[in-house]
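Report on one structure; see the data block that follows.
No lab work stands behind these numbers, since they all come straight from the coordinates. Since the model is a prediction, treat every value here as computed from it, not as a measurement. Neighbour counts run over all protein chains shown; Cβ positions are idealised from the backbone, glycine included.
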Amino acid sequence: MSVLDHALFGYVGTIHLGSVLGGEGGGKQWPTDHGDQDNQMATATYFYKDANLSGHRLQLDHNPGSYDLAHHRVDLSDFDNAISSVSVSSQHRVTVYTGANFTGDHQVLDGPHGEERLQGWKNYKLNETFNDTVSSFKIERVNVFTGQPV
Ligand SMILES: [Ca+2]
C-alpha cells in the first residue's frame, strides 16, 4: 500500500518518514520544525522506533484517523511492533493498541492541553507493555483547552 492509498481510509494529510540520530541527548530532539506559527497550532504526530524520540521517525501531519500498521505495506508496516516513543501535539489524542485492528491492550496518550498546550507537544516513552508491541493506533482531534475529542 502506498501513501496514496491512505485516501481510501479517508486520511487527509501528509506522511513523512525520516530518521533521527539516537543515543544520549536524543530526548532533546523535539520536533520543532512543524512550520506552524505558534505551538497552539501544533498539528503533527510523531512516532519513533527508539526511546527518547530517536531512531526512524514516522510523521503524520493533520492526520486524525485509524491506522492499522499490520495491514499496511512498506511504509507504515515498518513501524509495526517497533514504536518506542511518541510525540503528541496539543491538537490530538493518540490511542495505541498492542493488537492489529485496534485490539489488545491500549493506552491513551494525550497531547498537552490547557496551560500546557503552549508546549506544543507532549512526549511519551512507551512502557514495557507497549514498547515494540504497538500494531495499530488511532489519532483523534481534540480541543486544545480541554483535551477532549471534538
Ligand atoms: Ca522500538
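Ordering 106, 87, 120 by the projection of their Cα atoms onto the charge dipole of the stretch 54-146, which places +1 on the Cβ of Lys and Arg and -1 on the Cβ of Asp and Glu, puts 120 at the extreme positive end. Distance between the pseudo-spin-label points of residue 81 and residue 102 (7 Å out from Cα toward the beta carbon): 2.3 nm.
Site pair residue 132 and residue 16 shows an inter-label distance of 2.8 nm when each label is modelled 7 Å from Cα along Cα→Cβ. Could you list the trypsin sites (Lys or Arg not before Pro) in the stretch 63-150 that lie in coil according to DSSP, counting only those with at most 16 other Cβ atoms within 10 Å of their Cβ? Listed in order of number, the matching sites are 73.
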